[in-house]
Amino acid sequence: MSVEALKQQIADVEAEARRLIEGASEGSLLEDLRVRYLGRRGALTQILREIGALPPADRPALGQLANACKARLEARLAERGETLRRREFAARLQSEAADITLPGTAPTLGHLHPITQTLQEIVEIFHGLGFIVAEGPEVELDFYNFEALNIPRDHPARDMQDTFYVSDEVVLRTHTSPVQIRVMERTRPPLRIISPGKVYRCDADISHAPMFHQVEGFYVDEGVRMSDLKGTLETFVHQCFGAETGVRFRPSFFPFTEPSAEVDIRCILCGGSARLPSGEGCRVCKQSGWVEILGAGMINPAVFEAVRYDPERYTGFAFGMGVERIAMLKCGIDDIRLFFDNDLRFLKQF
Ligand code: DAH
């Protein structure tokens, strides 16, 4: 081929390659073009080979021309490749973008069960009065649940509590009072103890559940008097139900206290008037204006003897209250079973 013809061919190849490179819409097409023009069998490579066959005098000028053309095409390919890569990346950013300003799904936050809240509140009040927490087992020996609390086997008081027996000697504790015995057995006065926990009785209706919670409290030292008990429980009632709440002590009987009392507060629902604003009789206090919230008394000397405390030297008071009862009054609920149904629509209100 003549020198002129080859020159023309180089120019044609370059023009064609440039047109196709500019028109390529994807990076992968550029690679095809590189093979087609610059590859081992590419159009420009063929031309270089033909230049090799020219007379030596013609080779340098044409060779330079072809190599320069090759260099320009390589540069164009690289540039166009870069442009396409940037364009593809921008398109991906656009299509895969996440809108971080959209509101997220907030995890729902739970809260403590109203019984746990009430229990903690009761314990907190006694904490403030210098009482410390002690706990005992829920599966308890008959000895601690009854015997040592001055309730022998044939005692009619055993009928007051419908006991779940595990065996002859083992029961599910029917009250938290056995913690008194367990603590006194291993410690010496002065003692100021508050003991929250679960208790069990074979009983179920609108105001009784087979499992419920009690808080036991007791104070033993030299010279503890009934007036200490009154002052302590009045303070508790005023902190728990409000400073204006009326309190009264009624004589009662428990085998482990002497004398014994039951403590009533002015009805929270009707304010003690026994009638509701509607004129209807109050069902919470059964129209008496008072509701019982706990049992209490001066610890019976027979209990001290069971734990080898000298009843001539020490005196003490004790009390026990039902947590569900207090929670029902505070929340204005008249069916204890609501606490244990686990209906979130109910629980969420507290
Ligand atoms: N243990 C009693 C009950 O379950 C409550 C009670 C009454 C506890 C008088 C006491 C107390 O500590 O002094 O019904």
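For the reader, a short list of remarks on this structure follows.
- Selected residue (criterion: farthest from the chain's Cα centre (by Cα)) from residues of the stretch 117-133 that are aliphatic (A, V, I, L, M) and buried (at least 20 other Cβ atoms within 10 Å of the Cβ): 122
- Among residues of the stretch 81-95 that are polar (S, T, N, Q), none has a Cβ under 9 angstrom from a residue that is in a helix (DSSP H, G or I) at a sequence gap of 6+ or on a separate chain.
For every residue, the table says whether it meets (1) loosely packed, with under 15 Cβ neighbours inside 10 Å; (2) at pLDDT 95 or above; (3) in contact with an Asp or Glu (Cβ under 6 Å, 6 or more places away or on another chain).
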| residue | (1), (2), (3) |
| --- | --- |
| 194 | no, yes, no |
| 204 | yes, no, no |
| 213 | no, yes, no |
| 226 | no, yes, no |
| 236 | no, yes, no |
| 261 | no, yes, no |
| 267 | no, no, no |
| 273 | yes, no, no |
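For (1) among the hydroxyl-bearing types (Ser, Thr, Tyr); (2) within 16 Å of the ligand (Cβ to nearest atom); (3) without any contact (Cβ under 8 Å) to a residue 12 or more places away in the chain, each residue gets a yes or a no:
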site: 295; (1), (2), (3): no, yes, no
site: 302; (1), (2), (3): no, yes, no
site: 306; (1), (2), (3): no, yes, no
site: 314; (1), (2), (3): yes, yes, no
site: 322; (1), (2), (3): no, yes, no
site: 327; (1), (2), (3): no, no, no
site: 336; (1), (2), (3): no, yes, no
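- Residues located in the stretch 332-350, provided they are assigned to a helix (DSSP H, G or I) and under 12 Å from residue 113 (Cβ atoms): 338, 339, 344, 346, 347
- Considered as a group, the residues in the stretch 133-182 that are within 11 Å of the ligand (Cβ to nearest atom) and either acidic (Asp, Glu) or out of contact with any helix residue (DSSP H, G or I) (no Cβ under 8 Å at 6 or more places or on another chain) (or both) include one that is nearest to residue 304 (Cα to Cα), and that residue is 179.
- Here residue 268 passes the criteria (1) under 18 Å from residue 334 (Cα atoms); (2) within 16 Å of the ligand (Cβ to nearest atom) except the one numbered (2).
- Listed by first and then second residue, the pairs with beta-carbon distance under 8 Å, at least 6 apart or on different chains, first residue in the stretch 238-260 and within 30 Å of residue 152 (Cβ to Cβ), second among the aromatic types (Phe, Trp, Tyr) and surrounded by fewer than 17 Cβ atoms within 10 Å (Cβ to Cβ), are 260/253.
- Note on the stretch 286-315: residues that are open to solvent by less than 10 Å² (accessible area, probe 1.4 Å), on the phi < 0 side of the Ramachandran plot, not in a helix (DSSP H, G or I) and not β-branched (Val, Ile, Thr) total 3.
- Residue count, the stretch 82-110 (criterion: open to solvent by less than 100 Å² (accessible area, probe 1.4 Å) and in a helix (DSSP H, G or I)): 7
The values are calculated or read from the model by the stated rules, or taken from the named source; none is laboratory data. Predicted model, so just to flag it, every value in this text is computed and none were measured. Glycine gets a Cβ as well: all are built from the backbone with ideal geometry, and neighbour counts include every protein chain shown. Ligands, DNA and RNA are excluded from the accessible area calculation, which covers all protein heavy atoms including side chains. Shrake-Rupley method; radii C 1.70, N 1.55, O 1.52, S 1.80 Å.
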